[in-house]
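Take a look at the structure below.
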Amino acid sequence: FFLFVCFLFCFVLFLSPPDAPVGSGLWLCQPAPRCGDQIYNPLEQCCDYDTVLPLNRTRLCGPNCTFWPCMELCCPDSFGSQKFVVKLKVLGDKSQCFSSPISTNCPR
């Protein structure tokens, strides 16, 4: 079904008047981003451990610190520590606490 819709959209694109932007519809023929078994819109959502979240969603990191799971990680300051730090996710990588740069030190 997806291939049929893509074919139909591309066919309509080629029939559009020449003054239409040439590359405007080509993105729609690319595979849609997936999160687990769901399709999501990366302009409005992100994929966080196979869960689709709105970009503006926040969560608690420790008792009094918030972070954006679409852009940040909540990490313990050290192994077994009760103190937390917020670290930036590295775009295009599977970000991990030990290798990501610190964004915020959370108060205790």
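What list do you get for ASP50, ASP37 if you sort them by fewest beta carbons within 10 Å?
The most exposed by this proxy come first: ASP37, ASP50.
Starting from the amide H of CYS46, placed 1.01 Å from N in the peptide plane, find each other amide H under 5 Å away whose residue is 5 or more places distant or on another chain.
For CYS46, the qualifying residues are LEU53, LEU55.
Return a whole-number percent for the relative contact order of region 46-108, with Cα pairs under 8 Å and 6 or more residues apart as the contact set.
Result for region 46-108 is 27 percent.
Would you kindly derive the ³J(HN,Hα) couplings of region 31-41 from the backbone phi angles with the Karplus curve 6.51 cos²θ - 1.76 cosθ + 1.60 (θ = phi - 60°), listing them in order in whole Hz, with x for Gly and Pro?
x, 6, x, 10, 10, x, 9, 10, 8, 9, 9
May I ask for the net charge around PRO101, where only other residues with Cβ less than 11 Å from the Cβ of PRO101 are counted and Lys, Arg are +1 while Asp, Glu are -1?
+1
According to a simple spin-label model (label point 7 Å from Cα along Cα-to-Cβ), what is the distance in nm between ASP50 and ILE102?
3.3 nm
State whether region 46-108 is rounded, prolate or oblate according to the following rule on the C-alpha gyration tensor (a ≥ b ≥ c being the square roots of its eigenvalues): a/c under 1.5 gives rounded; otherwise a/b larger than b/c gives prolate, and the remaining case gives oblate. Intermediate results must be reported in sequence, preceding the final value.
Working: a/c = 2.08, a/b = 1.38, b/c = 1.50.
Taking the square roots of the gyration eigenvalues as a ≥ b ≥ c, region 46-108 is oblate.
What does the highest-first list of 77-83, 62-68 look like by mean Cβ count within 10 Å?
62-68, 77-83
Throughout, read-outs are computed from the coordinates displayed, never taken from laboratory work. Fair warning: this is a prediction, and the values are worked out from it, not measured in the lab. A quick note on method: Cβ atoms are made from the backbone with ideal geometry, for glycine too, and the neighbour counts reach across all protein chains shown.
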